[in-house]
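*Asks:* Okay, here's the structure, questions in a sec.
The values are calculated or read from the model by the stated rules, or taken from the named source; none is laboratory data. None of the values given here were measured: they were computed from a predicted structure. When we count neighbours, we look across all protein chains shown, and the Cβ atoms used for this are built from the backbone with ideal geometry, even at glycine. Note: accessible area is taken over every heavy atom of the protein model, side chains too, but ligands, DNA and RNA are not part of it. Shrake-Rupley method; radii C 1.70, N 1.55, O 1.52, S 1.80 Å.
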Amino acid sequence: LIIFSLITDTVSILDSQKGRLKILDKPQHKIRFSDFITNGLLIVIGFACIYFSLSILNKDTFNQSMSILDSLFYSFMIGTTIGFGNISPMTDIAKAITMLEGFLCFMFVIFMIVIFVNVWISKRTTNQ
């Protein structure tokens, strides 16, 4: 869903002229804070489903058995980089997926900051 959303957002700023795609000079970005929250929750919930599935398939995937709430808790802690450390991955696949989530969520936060700074700068320059 997130990849589809990113593709449609990218295509929406492209203009078809003479059979070629051309980036519009002034794309109209309508950034809503709710979109960022929704996409962040989708990432966390998606990884929680993966963690819960891994825990069901192999009870030794984590240092404790994982309920749905435990999976959501673990995914949220990794996604927000809080990481209390009470749940830890024990298998290589769980470690790799945990690293992937940490990286994706870190990049998501950086992406959000860049967009908000760009919007703030563009609003500030248009007002002056």
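*Asks:* Collect the residues in region 46-77 that are outside any helix (DSSP H, G or I) and open to solvent by 60 Å² or more (accessible area, probe 1.4 Å), keeping them in residue-number order. I'd like the intermediate steps shown before the answer.
*Replies:* Pass one, region 46-77, residues outside any helix (DSSP H, G or I): 58-67.
Result: Asn58, Lys59, Asp60, Asn63, Gln64, Ser65.
*Asks:* Assigned to a helix (DSSP H, G or I) and closer than 25 Å to Arg32 by Cβ, is that true of Phe106?
*Replies:* Numbers: assigned to a helix (DSSP H, G or I): yes; closer than 25 Å to Arg32 by Cβ: yes.
Yes; evaluated as a whole, the condition is true for this residue.
*Asks:* With the condition kept exactly as written, say whether any residue in region 90-97 is out of contact with any helix residue (DSSP H, G or I) (no Cβ under 7 Å at 6 or more places or on another chain), at pLDDT 90 or above, assigned to a loop (DSSP other than H, G, I, E, B) and surrounded by fewer than 16 Cβ atoms within 10 Å (Cβ to Cβ).
*Replies:* yes
*Asks:* Pull out all pairs, ordered by first then second residue, where Cβ-Cβ is under 8 Å, the residues are six or more apart or on different chains, the first lies in region 101-125 and is touching a residue at least 40 places away in the same chain (Cβ under 8 Å) and surrounded by 12 or more Cβ atoms within 10 Å (Cβ to Cβ), and the second is of a type in the set (Phe, Trp, Tyr) and part of a helix (DSSP H, G or I).
*Replies:* Matching pairs, first to second residue: Glu101/Phe47; Met112/Phe36.
*Asks:* Gly83: of a type in the set (Gly, Ala, Ser), part of a loop (DSSP other than H, G, I, E, B) and either in contact with a Phe, Trp or Tyr (Cβ under 8 Å, 6 or more places away or on another chain) or under 28 Å from Phe33 (Cβ atoms) (or both), yes or no?
*Replies:* Working: of a type in the set (Gly, Ala, Ser): yes; part of a loop (DSSP other than H, G, I, E, B): yes; either in contact with a Phe, Trp or Tyr (Cβ under 8 Å, 6 or more places away or on another chain) or under 28 Å from Phe33 (Cβ atoms) (or both): yes.
Considered against the rule, which asks whether it is of a type in the set (Gly, Ala, Ser), part of a loop (DSSP other than H, G, I, E, B) and either in contact with a Phe, Trp or Tyr (Cβ under 8 Å, 6 or more places away or on another chain) or under 28 Å from Phe33 (Cβ atoms) (or both), Gly83 comes out as yes.
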